[in-house]
Amino acid sequence: MLGEWGDFAYLKNVPWKAIDEIIKVEKFNKPLSDVISLDRRLPDYRIKECSSLTYPEDLPQASVIIVFCNEAPSVILRTAHSVVNRSPPRYLAEVILVDDFSDRDLHVIKPHLQQIYPDGIVKLLRADKRLGLIRARNFGAKNAVGDVVVFLDAHCEVTIQWLVEPLLSRIQESRTTVVCPLIDMLCSHTFHYSMNGGGAIGGFKWDMAFDWMSVPKREWQRMTSPTDYLRSPAMAGGLFAMDRKFFFELGGYDEGMNIWGGENVEISLRIWRCGGTLEFIPCSRVGHMYRHQFPYKTDRAYLSLNLKRVAEVWLDDYKRIFYLNRPDLKEKDAGDLTSRLKLKEDLKCKSFKWFLDNVFPELFVFDENVLAYGSVSK
Ligand SMILES: [Mn+2]
């Protein structure tokens, strides 16, 4: 069967030129996605020690929240199917598909869900105006009933034992721990599932853009086994699990942020500095389809203003370095920050200096402990 076990797939009877034209528009191989089984099997790329771990019987229940906007139905549904197929029913409260006011014809989704999931385990919520990914995630979480909220992008496929055992048990041990799966790659042209080598955690640069980095020595030294969690200064994108009440205690996502971007670094800073920890869990693997471009139009200006909000609220006086990188944003209006600054105060969040010293010492501070900085011209 096409794409079974995450194998490379291609359409025999369609010339590549025609596919190429479609990819130009859709940014991925939509005709191929439409014929690959929604229930295809995937390889198990976990390290072998994962399969022999034992976990407690009584774990919290999860609501899996998947936001989409104009995503192809077969991609959305394959994400949902993989979650239902690979999550034990007793720990899966619901899957919530949040339609962020798509204007493409996605009418096939609802009847499909009614037919395949008559028990209503997969719910479809539609926003009544465009919220943007960030606010749409808050909307999904507000409607969730599970003890834990798990956020996934709408173009993912989860793999064996991804949820309950590694993620939920870790949250049960410590409700202020936010956990991320390891993210593998789904090829946008062939749907090949390929393993991400691991050995990396997340950080960011001074422009507040996420950045992968190699696992520092201090983490290797702390770990007691290859299945142990990896503490990470930042999460990559949108794939994580968190105690639902803790998500709201920490203020959810910043409602002042538009569409997409910056929210992953913002929530990472907030988690670490306001009472939580952030970890990657090696025994949980989720495939994510990377695309070179978004399937829908975004205004890059939104992204910049989101990044400015992160800097203004969370960098304390280190925001000077952010503006060295982004002098263009200095005079821009990033909207009202009052409620986010108040949140930081109410939660008694630790300083950015504390974060640098204790969580992210790898971030190089240009103007501290150096003799000179600036540009050198030849
Ligand atoms: Mn994505």
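Some notes on this structure:
- Selection from region 66-114 of residues that are under 16 Å from Val145 (Cβ atoms) and charged (D, E, K, R): Arg90, Glu94
- So Leu341, is it touching an Asp or Glu at 6+ places or on another chain (Cβ under 9 Å), away from the ligand (no atom under 16 Å from the Cβ), at pLDDT below 95 and part of a helix (DSSP H, G or I): no
Every residue, every condition in (1) within 16 Å of the ligand (Cβ to nearest atom); (2) of a type in the set (A, V, I, L, M, F, W, C); (3) buried (at least 21 other Cβ atoms within 10 Å of the Cβ); (4) at pLDDT 95 or above, yes or no:
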site	(1), (2), (3), (4)
Phe101	no, yes, no, yes
Leu113	no, yes, no, yes
Asp119	no, no, no, yes
Leu133	yes, yes, yes, no
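- Candidate set: region 162-190, residues that are touching a strand residue (DSSP E or B) at 6+ places or on another chain (Cβ under 8 Å), more than 15 Å from Ser63 (Cα to Cα) and of a type in the set (Val, Ile, Thr); chosen: the one modelled with the lowest pLDDT: Ile183
- Residues (under 26 Å from the mean Cα position of the chain (by Cα) and polar (S, T, N, Q)) located in region 324-344: Asn325, Ser339
- Qualifying positions in region 1-34 - of a type outside the set (D, E, K, R) and closer than 16 Å to Tyr193 by Cα: Met1, Leu2, Gly3, Trp5, Gly6, Phe8, Ala9, Tyr10, Phe28, Asn29, Leu32, Ser33
- Sole exception among (1) of a type in the set (D, E, K, R); (2) within 18 Å of Pro111 (Cα to Cα); (3) in contact with a helix residue (DSSP H, G or I) (Cβ under 6 Å, 6 or more places away or on another chain) for Arg40, by number: (2)
- Of all residues in region 197-248 being polar (S, T, N, Q) and surrounded by 16 or more Cβ atoms within 10 Å (Cβ to Cβ), the one that is farthest from the ligand (Cβ to nearest atom): Thr227
- Each residue in region 340-360 was checked for being touching a residue at least 40 places away in the same chain (Cβ under 8 Å) and surrounded by 13 or more Cβ atoms within 10 Å (Cβ to Cβ), and 12 of them qualify.
- When residues of region 249-282 are limited to those that are among the polar types (S, T, N, Q) and either surrounded by fewer than 20 Cβ atoms within 10 Å (Cβ to Cβ) or away from the ligand (no atom under 16 Å from the Cβ) (or both), the one nearest to Leu152 (Cα to Cα): Ser268
The values are calculated or read from the model by the stated rules, or taken from the named source; none is laboratory data. Quick caveat, the model's predicted, so the values are computed rather than measured. Positions of Cβ are backbone-derived with ideal geometry, glycine not excepted, and every protein chain shown enters the neighbour counts.
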